[in-house]
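Q: Quick one: this structure, given as structure tokens, is what I'll be asking you about.
The values are calculated or read from the model by the stated rules, or taken from the named source; none is laboratory data. No experiment lies behind these values; they were computed from the predicted model shown. Every residue, glycine as well, gets a Cβ built from its backbone with ideal geometry; the counts of neighbours run over all protein chains shown. Please note that ligands, DNA and RNA were not included when accessible areas were found on the heavy atoms of the full protein model with its side chains. Shrake-Rupley method; radii C 1.70, N 1.55, O 1.52, S 1.80 Å.
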Amino acid sequence: MNRRNFFEKVIPASLAVGAVASSCAPKAQRLYTDKHYYINKGYHQIPKLRLSMDRIVKETVGLRPFRASGPRLDVETLGSKTIVHNYGHGGSGWSLSWGTGNIARNNVLATKEKKIALLGCGAVGIATARLLQESGCEVTIYTKDVPPNITSNLATGTWSPASRVCDMKVAKPELQGIIEEAARFSFRRFQFLLGMDDIACWAEEYSVFNQAPVYIPGAGGEDFEIHGLVPERVRLSKKEHPFKADHVTRRANLMFNIPSYLRHHLNDFLIFGGKIKIQEIKKPEDIDALPEKVIVNCMGLGAKPVFNDQELTPVSGQLSCLIPQSEVNYKLYTQGASFISRKDGIYIGGNGIVGNWDTTPSKEQTEKTVGILQKLMQEMRG
Ligand SMILES: Cc1cc2nc3c(=O)[nH]c(=O)nc-3n(C[C@H](O)[C@H](O)[C@H](O)COP(=O)(O)OP(=O)(O)OC[C@H]3O[C@@H](n4cnc5c(N)ncnc54)[C@H](O)[C@@H]3O)c2cc1C
């Protein structure tokens, strides 16, 4: 008879639990002075990052395509062509890609054309192209570059549908509703991707601050909150987290494993008969020369010179990539630094420089963010 069978046969279950607990009680108290903390620590499991400069294997600087009035989603006529715009998503292009893609799709369908040219092969372009295919369109993507040589590959990859998406002082009041509707459409699409080799997944997100974080518009937090999609943030008491900080919140958030996500959707695009042509559009005449009558513009920052968009400006963001650590499966942000754990690495970031076109990574920026997170990890209990 094994040990479990012995207990089941000899003592009623309720008595057995009581007997075992009381016989262990003095020992447990001796080992774990703070039992409540121990239970939470065991339950939430927050493993530490292995942080050192020699574990940084890649540094990148990506340029968020920012427009103060928000993404451009209108339709214009250029000679004999109809141009459907879908660019300028700032720090929200991943999150909004399906939602603004749906707006662009409706604008395309209103033309009744079925052979569509789509400029750009980033997160926004690929999502829009797939939606058009689902509506029976024949889509050819014309693009200067394909993944991984695009801005979308240089993103953090988290659900942030209103991050640096506009300047609320400049944007029209109706923009918030448009973004919210786009976010809701995207959110539903992302649910279909869950469980597919983790190209999209849920992860815990901690915010760790000494004081309640103050919202500064355009500083990287959400420009406005969209409620009812991801769970609300929960404030944790000191016993519920291991950080040396007074203001800690946790919520579950969506994240995207960028390389596999892009590959998955590009493969789908090709399976459904899509074509990709490598071609740089330098001037409006290049668009006029395309065989298709309806053109969807998803060129991100690349739209600026072609359409003389004075408003479109880069907000650069540096990411430093640590070797992946499979046990670390959460996201964290704190004053001056953040990180997200993806399949391809742990991406440390936290900055945004408005108007900066320079994509040269700065060693100082990496050292700064690594230093902030190193201190946070050293001060962590456990
Ligand atoms: C550091 C950083 C972190 C970010 N984190 C997040 C995040 O967590 N969540 C989120 O939602 N968003 C995030 N973003 C924002 C997001 O990455 C962008 O909004 C998004 O990538 C924009 O996608 P896109 O397809 O419009 O542009 P791009 O990815 O730049 O794609 C544009 C495409 O157009 C092509 N193109 C450009 N010019 C031309 C031309 N002249 N002729 C032909 N083709 C051309 C390019 O080759 C490319 O294929 C982040 C951005 C950065 C930089």
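Q: Do you know the relative contact order of the range 53-378, to the nearest whole percent, from alpha carbon pairs under 8 angstrom that are 6+ apart?
A: 27 percent
Q: Could you work out how far the C-alpha centroid of the range 249-320 sits from that of the range 115-165, in angstrom?
A: Taking the Cα centre of the range 115-165 as reference, the centre of the range 249-320 is 4 Å away.
Q: ILE178 accessible area, nearest 10 Å², 1.4 Å probe?
A: Ignoring ligands and nucleic acids, ILE178 comes out at about 70 Å².
Q: If you plug each phi of the range 351-361 into the Karplus form 6.51 cos²θ - 1.76 cosθ + 1.60 with θ = phi - 60°, what whole-Hz ³J(HN,Hα) values come out, in order, with x for Gly and Pro?
A: Residue by residue, the range 351-361 yields 10, x, 10, 6, x, 8, 9, 6, 9, 7, x Hz.
Q: Taking all protein chains as present, what is the carbon and sulfur share of the accessible area of the range 267-308, in % to the nearest whole number, probe 1.4 Å?
A: Carbon-and-sulfur percentage of accessible area, whole number: 54.
Q: Quickly rank 181-192, 229-240, 65-76 as a protection proxy: mean count of other C-beta atoms within 10 Å, highest first.
A: Highest-to-lowest ranking by the protection proxy: 65-76, 181-192, 229-240.
Q: So for the range 67-127, averaging the separation of alpha carbon pairs under 8 Å that are six or more residues apart and normalising by length, what relative contact order in percent results?
A: 31 percent
Q: Taking K and R as +1 and D and E as -1, what net charge do the other residues with C-beta under 12 Å from the C-beta of ALA252 add up to?
A: Surrounding charge for ALA252 is +1.
Q: Let me ask something else about it. Kirkwood hydrodynamic radius, computed over distinct alpha-carbon pairs, for the chain: how many Å, to one decimal?
A: For the chain, the Kirkwood estimate is 22.9 Å.
Q: Let me ask something else about it. Mind ranking ILE348, ILE323 by accessible surface for me, highest first, 1.4 Å probe?
A: ILE323, ILE348
Q: Sticking with this one: With the other protein chains left in place, how much accessible area per residue, in square angstrom, belongs to the chain at a 1.4 angstrom probe?
A: 50 Å²
Q: If you count only protein heavy atoms and use a 1.4 Å probe, how large is the accessible surface of GLU367, to the nearest 10 Å²?
A: Answer for GLU367: close to 80 Å² accessible.
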